[in-house]
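First the structure, in the form of structure tokens, and then the observations on it.
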Amino acid sequence: QVIKCKAAVMWEANKPFSIEEVEVAPPKAHEVRIKVVATGICRSDDHVVTGGLVMPFPIILGHEAAGVVESVGQGVTSIKPGDKVIPLFVPQCGECKSCLSTKGNLCSKNDLGSSAGLMPDGTTRFTCKGKAIHHFLGTSTFTEYTVVHESAVAKIDAAAPLEKVCLIGCGFSTGYGAAVQTAKVEPGSTCAIFGLGGVGLSVVMGCKAAGASRIIAVDVNSNKFAKAKELGATDCVNPKDFKKPIHEVLIEMTGHGVDYSFEVIGRTETMAAALACCQYNYGVSVIVGLPPAAQKITFDPFLLFTGRTWKGSVFGGWKSKDSVPKLVADYMKKKFVLDPLITHTLPFSKINEGFDLLRTGK
């Protein structure tokens, strides 16, 4: 059966979301149709609106969610209707080079690089006003029902509160994993985190969980410092309070630079600063924020020649299908908190207000 439901359609860039009635086709072979119960708003969704992440329009955005399986296509054996699930914007096919490697997690079936905005078979499951609507990162969660490929969904604990664990679909896992998985922060180390949105705060939690002795939180919005401290930051620094470049401030504060730095904004200037502020010989800097399209970065190669490591992290380095159920289980065992990351809860019809709150740093 085709399901008619509400969705927030983005018809073109730099325009508000439009709540429309859409038709959601039944799942094809190896696909799953999900009733979305809760979805978070992430800066990466906004990058599509502003053109920083280039995707085809019209499109249904959203990639951080939790829901209940409504129906499954032919050949789906791992998941059944009624199961609680989290859609995965980084799938896990289990067959590509990255999936087969113990070091990798960015499955080749992802839609980050190609930006096709379609299901793996090259078609879409959404129609609105007679027009085909594109998918976003294989998830599209700003809709009451969505269809995802079986490799892009994780079954989770039936007792999990969906309005909280939806954050494990992107923000929390991305930040926490950047610290514990990608950087592998060690006990006693010193860390700097640039950007204190939901992902940056999750990096703070990851550094704390890994036993870092000093966690320096950096943001131009000082209103974010109280929450950063609550979650484990030991120092908070606003670059606007200094005449000198922020990397020099951090080197002075630590004597030699930090062991680990994280850029969780997606700006080339802060990526360069995060690299420069880590220890010249064995410091590790991780790019976590989604970089804007068509921007290049220039830096002094001597920064790397002396031994620093510069790396990126998508979805916190977690193998998605394997790790998401475990992260949900850890949340249920109270190994980490999610409540402080949730500032507002709005009805779906107020999605544009939600994006205004994101854009104003609230």
Q. What 222 nm value per residue comes from the helices of the chain, counting each DSSP H run with n ≥ 4 as -39,500 (n - 2.57) and dividing by all residues, nearest 500 deg cm²/dmol?
A. -6500 deg cm²/dmol
Q) trypsin sites (Lys or Arg not before Pro), restricted to region 229-292: which are DSSP loop and have at most 11 other Cβ atoms within 10 Å? A) Lys243
Q) Which angle from 0 to 90°, rounded to the nearest 10, does the C-alpha axis of helix 198-209 make with the longest principal axis of the chain? A) 60 degrees
Q) Using a 1.4 Å probe, what is the accessible area per residue for region 183-312, in Å²? A) 46 Å²
(Q) Rounded, prolate or oblate for region 1-48? Axes are the square roots of the Cα gyration tensor eigenvalues, ordered a ≥ b ≥ c, and the cut-off for rounded is a/c under 1.5. (A) prolate
Q: Working from Cα positions, state the angle (0 to 90°, nearest 10) between the long axis of helix 268-277 and the longest principal axis of the chain.
A: 40 degrees
Q | Helix 320-332 axis, angle to the chain major axis (alpha carbon atoms, nearest 10°) | A | 80 degrees
Q | Charge dipole magnitude, Cβ of K and R +1, D and E -1 - the chain, Cα centre, debye nearest 20 | A | 300 debye
Q | Gyration tensor (alpha-carbon) shape descriptor, region 23-114, a/c threshold 1.5 | A | oblate
Q: List, in the order given, every pair from Lys15/Lys311; Lys103/Lys224; Lys129/Lys350; Lys28/Lys362 whose Cα-Cα distance in the structure shown is over 30 Å.
A: Lys15/Lys311; Lys103/Lys224; Lys28/Lys362
Q | Cross-link partners of Lys164 among aspartates and glutamates (Cα-Cα below 15 Å; sequence separation of 8 or more within a chain) | A | Glu64, Asp330, Asp339
Q: With the cut-off at 22 Å, report for region 183-312 the share of all Cα pairs above it, as a whole percent.
A: 27 percent
Q: Could you tell me, in Å, what Rg and Dmax come out for the Cα atoms of the chain?
A: 20.2, 64
Q. Give or take rounding to whole Å, what are the principal axis extents of the alpha carbon atoms in region 83-152, in descending order?
A. 45, 29, 16
Q. Highest mean first, what order results for 268-275, 71-78 on Cβ atoms within 10 Å?
A. 268-275, 71-78
Q: Restrict the search to region 92-150; then list the trypsin sites (Lys or Arg not before Pro) that DSSP places in a loop and that have at most 14 other Cβ atoms within 10 Å of their Cβ.
A: Lys103, Lys129
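The values are calculated or read from the model by the stated rules, or taken from the named source; none is laboratory data. Nothing here was measured: the structure is a model prediction, and the numbers come from that model. Every residue, glycine among them, receives a Cβ derived from its backbone with ideal geometry; neighbour counts consider all protein chains shown. All accessible areas refer to the heavy atoms of the entire protein, side chains included, with ligands and DNA or RNA removed. Shrake-Rupley method; radii C 1.70, N 1.55, O 1.52, S 1.80 Å.
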